[in-house]
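The structure under discussion appears below in the form of C-alpha cells.
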Amino acid sequence: MKFPREAWIAAGINPASLPDDTDVPDRVPGLFTTQIPGNVNVFDTIALSAEGTELDLRLIVVGTFEQAPNLLYVLDPYTGQVLQFDPSSVQVRGVNSTYRWFIEFLKRVSHAMASAGTEDPGTVLTTGLKFTLRAVDDTAFEAGAWWPMVFKQLARS
C-alpha cells in the first residue's frame, strides 16, 4: 500500500522521518496489519485532549498489532515517532524513533519470514535480527519500548 508522503510533508511532518518510497507493507503476519477493526482506518487522525487543559495531541493511525487489534501503531506528527497506542487505557509505548525506521523494521522482519517460508514471526526473531534492527534504530530497544517486548514474548528460544 502507499502512504501519503507528500500530504504529510505539507502538513509539517519532517521528511527525514518518513520513508523515501511511498510503498509500505500492509501486513506482516503476527506483528502488523492495516486492517483495523471498528471505526478507525489506516491514516486516520486521532485527536486527544484532556478536559480543562489546552492539550491538543494528534496521532496518525498507521496500523495495528495483528495479535491484539486494540493496540494501534500511531505516528506522532510532531516528533515523527511511531508509538503503540491503547485507546481503552489511553497509554502509549515507544515503537520506533521514526516512521522511516518502523517501516524498515517491518520490511526486514517480513523479508526474514519470507526467506524462512513462515508466517510465524517468532521463528525469525533471533539474536542476529535483533542486532541488525538495533543497528538501524537503537532507540527502539530502550527499556519499556515495544520491540524488546516483541522479542521477549514471540522469539523462539
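Quick notes on this one:
- Residues in region 27-40 that are touching a strand residue (DSSP E or B) at 6+ places or on another chain (Cβ under 7 Å) and of a type outside the set (A, V, I, L, M) were compared, and the one that is surrounded by the most Cβ atoms within 10 Å (Cβ to Cβ) is 32.
- Cβ-Cβ under 9 Å pairs, at least 6 apart or on other chains, region 44-56 side surrounded by 10 or more Cβ atoms within 10 Å (Cβ to Cβ) and among the hydroxyl-bearing types (Ser, Thr, Tyr), far side in a loop (DSSP other than H, G, I, E, B) and at pLDDT below 65: 49/55
- Residue match in region 9-18 (condition: of a type outside the set (A, V, I, L, M, F, W, C), buried (at least 16 other Cβ atoms within 10 Å of the Cβ), under 24 Å from residue 111 (Cβ atoms) and in contact with a strand residue (DSSP E or B) (Cβ under 7 Å, 6 or more places away or on another chain)): no
- Looking across region 74-123, the residues that are assigned to a helix (DSSP H, G or I), among the charged types (D, E, K, R) and in contact (Cβ under 8 Å) with a residue 60 or more places away in the chain come down to 100, 104, 107.
- Residue check for residue 64: farther than 20 Å from residue 136 by Cα, touching a residue at least 24 places away in the same chain (Cβ under 8 Å), surrounded by 16 or more Cβ atoms within 10 Å (Cβ to Cβ) and in contact with a Lys or Arg (Cβ under 7 Å, 6 or more places away or on another chain): no
- Annotation note: Cβ proximity below 8 Å between a residue of region 124-137 that is closer than 19 Å to residue 100 by Cβ and assigned to a loop (DSSP other than H, G, I, E, B) and a residue that is at pLDDT 95 or above and of a type in the set (Phe, Trp, Tyr) (sequence gap 6+ or interchain) occurs for 137/101; 137/105.
- Residue 125 being hydrophobic (A, V, I, L, M, F, W, C), at pLDDT 95 or above and more than 21 Å from residue 3 (Cβ to Cβ): yes
- Any hit, region 111-120, residues being among the β-branched types (Val, Ile, Thr), modelled with pLDDT under 95 and surrounded by fewer than 21 Cβ atoms within 10 Å (Cβ to Cβ): no
- Residue check: residue 83 meets all listed conditions (1) crowded, with 20+ Cβ neighbours inside 10 Å; (2) more than 11 Å from the chain's Cα centre (by Cα) but one, namely (2).
- Test: residue in region 147-156 that is part of a strand (DSSP E or B), surrounded by fewer than 19 Cβ atoms within 10 Å (Cβ to Cβ) and not β-branched (Val, Ile, Thr): no
The values are calculated or read from the model by the stated rules, or taken from the named source; none is laboratory data. Being a predicted model, the structure only gives us computed values, none of them experimental. With ideal geometry, Cβ positions are generated from the backbone for all residues, glycine too; neighbour counts draw on all protein chains shown.
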